[in-house]
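Asker: I am attaching a structure below and will ask some questions about it afterwards.
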Amino acid sequence: MRLLHTSDWHIGRTFHGHSTDEHLRAVLAALADAVTEHHIDVVLVAGDIFDSSTPKADAFTMFNEVVIAIREAGATVVLTSGNHDGPARLGHMATFAALGGVHVRTDLTTIAQPVILTDKHGPVHLYGIPYLHPGFLTGAYEDFDGNTHGEALTFAMGLIRADASARGGRFIVASHCFTTNAHATQEDSGTTEERDIIRGGLDLVPVSVFDGPAYVALGHIHGRTTLSEHIRYSGAPLRFSFGEKNKPRGAWIVDLDAHGLANVEWLDLPIPREVSRLTGTINELLTPGAHEAATDHWVDITLTDDTMPLDAMRRCQTKFPHAVTLTHKPASITPGSIATYAERVVGKSDLEIIDEFLSFVRNGDGPSDLEKEMVTASLAAIDAKESAR
C-alpha cells in the first residue's frame, strides 16, 4: 500500500492580510495530480484542514474541489481535525462522506475505530486522532484524568494499541500535536511557525507515545521534520510566514509491505510565490537591477536609511508589488539615541521636550525653524488659555 502524508492546509489563511487562496488551490491540485502519477492508494491529512473553526463558504468550496480531485484520481482520503478546525463543523457529514471513500475523524469517542483498507498483504488499519485538548478528552472518557496533551495522547494511543492488537496486522496513526525528539532532523525542524502551541511544556508530547504503528503521520509543525524513520511531520503545503523561507514544501510518500514500513520518500510540491527578506536603503533597494529575483515574491523590507523615507511602502511596492511588511532600522545611530526617552527629557522645558522628541523619532533630524515657530505659538496659546481659567 502506498500512502501520501500531508497536513496543515490552512484553507482560508492570509499572508499578512493578503489572500493565499489561489496559491493553495494550485498546490492542492498538484497534490491531487501526484496521486495519479505516483499511484497513491491513501491520502492522509493530519489536521488543520481550515485556518478557522468557522470557515467561509469559499474555503469549503476549495476543500470539496481538492477532495473530489483526489477521489477521482483513485485514492481514499483520511483526515483529522486540527486545533484550527471546528470538529463539529468539519465532521458533520462524516458518516455520509465515508460512503464515498472520504473518512473524517473528528469524534473523540471513535478514536479506536480505524478505517480498514486492504492490499495484497491483508488489512491496514488507519487511526485518525483529532486534536486532543485534555479538557475535551475528560468529557468523552470518564477514566481519563490527565491534564496535559501528552497524557491525552498517551491515553488515546493506549486505546488504539489495544484495538490494533486485537485486530492484528499493520496499523497507521495520524495525529495533530507538537511531538518532540532530541534526535529530530534539525535541518527541517527549526521553529514551528504554528500560532497556538502552548509554552511551558503542556503541549509537548514525547515521541515514545507513538511507539507501535508502522507509520505516524503528524501535523501541527509547518516545517518538514523527521522524528524517527516512522514518525514524521510533512509540514504545510505553502509558506505561511517569512520564517518558513528555507523549509521545503511537499508531502511524504509512504510505502508499506507485508511487515510494515518499507520506504519513505519526499515529494516536492510547487511553490507559487516565494518569500524574500530585503535590507538596505530605499535607493539601494530600488536601484534598477537590484533584487530582480524578488519582484514576484512576498517581500519583507528593512530600510536602513538614517531618516524614514516618505511614502516608503508605496515606493517599494512600485518595484516589489507583493511587499507586505516594512521596518525601519537605521544603519547609523546618533549619539545619545540609545538612551530612553524618559532619560533624555528629564529637566527639559516643553519646547525642549518637543525638540528632543522630534530628534528622537527622526533619528537626529530636529525641527525646522518653521516648526519651532509653530510649536512656540501653540505652547503660548495653551499657556494663555490655562491662565484665563
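The values are calculated or read from the model by the stated rules, or taken from the named source; none is laboratory data. Because the structure is predicted, anything quoted here is derived from the model rather than measured. No Cβ is skipped: glycine too gets one built from the backbone with ideal geometry, and neighbour counts run over all protein chains shown.
Per-residue answers, yes or no, for (1) under 16 Å from VAL77 (Cβ atoms); (2) in the same structural domain as ALA88 (by TED's automatic domain parsing); (3) touching a Leu at 6+ places or on another chain (Cβ under 6 Å); (4) of a type in the set (Gly, Ala, Ser):
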| residue | (1), (2), (3), (4) |
| --- | --- |
| SER19 | no, yes, no, yes |
| GLU22 | no, yes, no, no |
| ALA29 | yes, yes, no, yes |
| ALA32 | yes, yes, no, yes |
| VAL43 | yes, yes, yes, no |
| PHE50 | yes, yes, no, no |
| LYS56 | no, yes, no, no |
| ALA59 | no, yes, no, yes |
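Rundown of residues vs (1) at pLDDT 95 or above; (2) in contact with an Asp or Glu (Cβ under 9 Å, 6 or more places away or on another chain); (3) not aliphatic (A, V, I, L, M); (4) not assigned by TED's automatic domain parsing to the domain that holds HIS149, yes/no style:
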site: THR179; (1), (2), (3), (4): no, no, yes, no
site: HIS183; (1), (2), (3), (4): no, no, yes, no
site: GLY190; (1), (2), (3), (4): no, yes, yes, no
site: ARG195; (1), (2), (3), (4): no, no, yes, no
site: ILE198; (1), (2), (3), (4): no, no, no, no
site: ASP211; (1), (2), (3), (4): no, no, yes, no
site: HIS220; (1), (2), (3), (4): no, yes, yes, no
site: SER228; (1), (2), (3), (4): no, no, yes, no
site: PHE242; (1), (2), (3), (4): no, yes, yes, no
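Asker: A follow-up question, please. So VAL264 fits all but one of (1) under 28 Å from SER332 (Cβ atoms); (2) surrounded by 15 or more Cβ atoms within 10 Å (Cβ to Cβ); (3) not acidic (Asp, Glu); what number is the exception?
Answerer: Unmet condition: (1).
Asker: Is it the case that ASP119 is surrounded by fewer than 20 Cβ atoms within 10 Å (Cβ to Cβ), in contact with a Leu (Cβ under 8 Å, 6 or more places away or on another chain) and modelled with pLDDT of 90 or more?
Answerer: yes
Asker: Output the qualifying pairs, or none if there are none: Cβ atoms under 9 angstrom, residues six or more apart or on different chains, first residue in the range 275-291 and farther than 18 Å from VAL324 by Cα, second residue part of a helix (DSSP H, G or I).
Answerer: ALA290/GLU284
Asker: Being assigned to a loop (DSSP other than H, G, I, E, B) and in contact with a Leu (Cβ under 9 Å, 6 or more places away or on another chain) is true for just one of PRO288, PRO237, PRO270. Which residue is that?
Answerer: PRO237
Asker: Can I ask one more? I'd like to check something: does the range 295-308 contain any residue that is outside the structural domain of GLY17 (by TED's automatic domain parsing), charged (D, E, K, R) and within 27 Å of the chain's Cα centre (by Cα)?
Answerer: Yes, the range 295-308 has at least one match.
Asker: Is there any pair linking a residue in the range 127-149 that is closer than 21 Å to VAL78 by Cα and touching a residue at least 40 places away in the same chain (Cβ under 8 Å) to one that is surrounded by fewer than 16 Cβ atoms within 10 Å (Cβ to Cβ) and among the hydrophobic types (A, V, I, L, M, F, W, C), with Cβ under 9 Å and at least six apart or on different chains, and which?
Answerer: These pairs meet every condition: PRO130/PHE136.
Asker: Of these, ARG89, ARG71, which one is among the charged types (D, E, K, R) and at pLDDT below 90?
Answerer: One residue alone meets the criteria, ARG89.
Asker: Of everything in the range 28-62, what is surrounded by fewer than 24 Cβ atoms within 10 Å (Cβ to Cβ), within 20 Å of the chain's Cα centre (by Cα) and among the β-branched types (Val, Ile, Thr)? Give them in sequence order.
Answerer: Across the range 28-62, the qualifying residue is only THR54.
Yes or no, residue by residue, for (1) in contact with a helix residue (DSSP H, G or I) (Cβ under 8 Å, 6 or more places away or on another chain); (2) within 18 Å of HIS222 (Cβ to Cβ); (3) of a type in the set (A, V, I, L, M, F, W, C):
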| position | (1), (2), (3) |
| --- | --- |
| ILE11 | yes, yes, yes |
| GLY17 | no, no, no |
| GLU22 | no, no, no |
| VAL27 | no, yes, yes |
| LEU31 | yes, yes, yes |
| VAL35 | yes, no, yes |
| ALA46 | no, yes, yes |
| SER53 | yes, no, no |
| PHE60 | no, no, yes |
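Asker: Still on this structure, please answer the following. Of the residues that make up the range 67-80, is at least one without any contact (Cβ under 8 Å) to a residue 40 or more places away in the chain and polar (S, T, N, Q)?
Answerer: So far as the range 67-80 goes, no, none of its residues is without any contact (Cβ under 8 Å) to a residue 40 or more places away in the chain and polar (S, T, N, Q).
Asker: While we're on this one: For PHE136, which of the numbered conditions (1) part of a helix (DSSP H, G or I); (2) over 25 Å from HIS259 (Cα atoms); (3) in contact with a strand residue (DSSP E or B) (Cβ under 8 Å, 6 or more places away or on another chain) fails to hold?
Answerer: (3)
Asker: Same structure again: Considering each of SER52, SER19 in turn, give the residue that is free of Cβ contacts under 8 Å to residues at least 12 places away in the same chain, farther than 16 Å from VAL104 by Cα and of a type in the set (S, T, N, Q).
Answerer: SER19
Asker: Follow-up question, since we're still on this one. Could you tell me whether the range 19-26 includes any residue that is modelled with pLDDT of 95 or more and surrounded by 21 or more Cβ atoms within 10 Å (Cβ to Cβ)?
Answerer: Within the range 19-26, one or more residues are modelled with pLDDT of 95 or more and surrounded by 21 or more Cβ atoms within 10 Å (Cβ to Cβ).
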